[in-house]
Amino acid sequence: MPMPLTLALSGAALGFSLAAPVGPMGLLCINRTLNAGLRAGLATGAGASTVHVVYAGVLMLGLGGIGPWMGGHRAAFSLVGAALSLVFAFRALGRRRRALAEGPDDAPALGMSYLTAIGLGAVNPMLFLLLLGAMAALIQPGEMGLAGVGLMLGGLAFGSFGWWVGLSAATATLRGRLGPRALTLLDRLTGAILLGFGARAAMMALG
């Protein structure tokens, strides 16, 4: 079994690498932080990290057969993901900006921010397949006991959520320096990009 520190650091690196690429989840985290404050961004990131940890745990506990099943249903998962991306896009595009002095706009409940982030992350079949390849490269079958699995998952959670903390904190700092017009422009830009992600996912699923 690898050294505990090696397992924890490997998990942290994997979690960070899963969270860091800019995609629908990153845009959603940024948009919610700008409009609803730091806690909404953190709740969104926590939802994404939860999916990372659960999927990695499934693989480490020997349930990798779920991967081929998800691959076989990729079109269905992609359609659900496309629908969610489009919903978030239209919300961003249709948001009416209030004065900053009135506080965060359109603030969703933190629980809803967390759950919708889980939903968006869970229907991404590529995430599971990416983890499948990463796990095969990092560990060998049977070389980790439950303690090793726990260490690696703990590191993964730390690395993944650490990215979302940094992203949300940086975005919250930026929000205080932007006026309503700039925030409205960012809403429109985020909505347009999410529309692109959603349309691309739908075309791939139906193509």
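The values are calculated or read from the model by the stated rules, or taken from the named source; none is laboratory data. Here the structure is a predicted model, which means the values were calculated and not measured.
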> When region 138-188 is examined, which residues are found to be of a type in the set (Ser, Thr, Tyr) and modelled with pLDDT under 90?
Replying inline: 184
> For region 110-121, does any single residue satisfy the condition of being aromatic (Phe, Trp, Tyr) and modelled with pLDDT of 80 or more?
Replying inline: yes
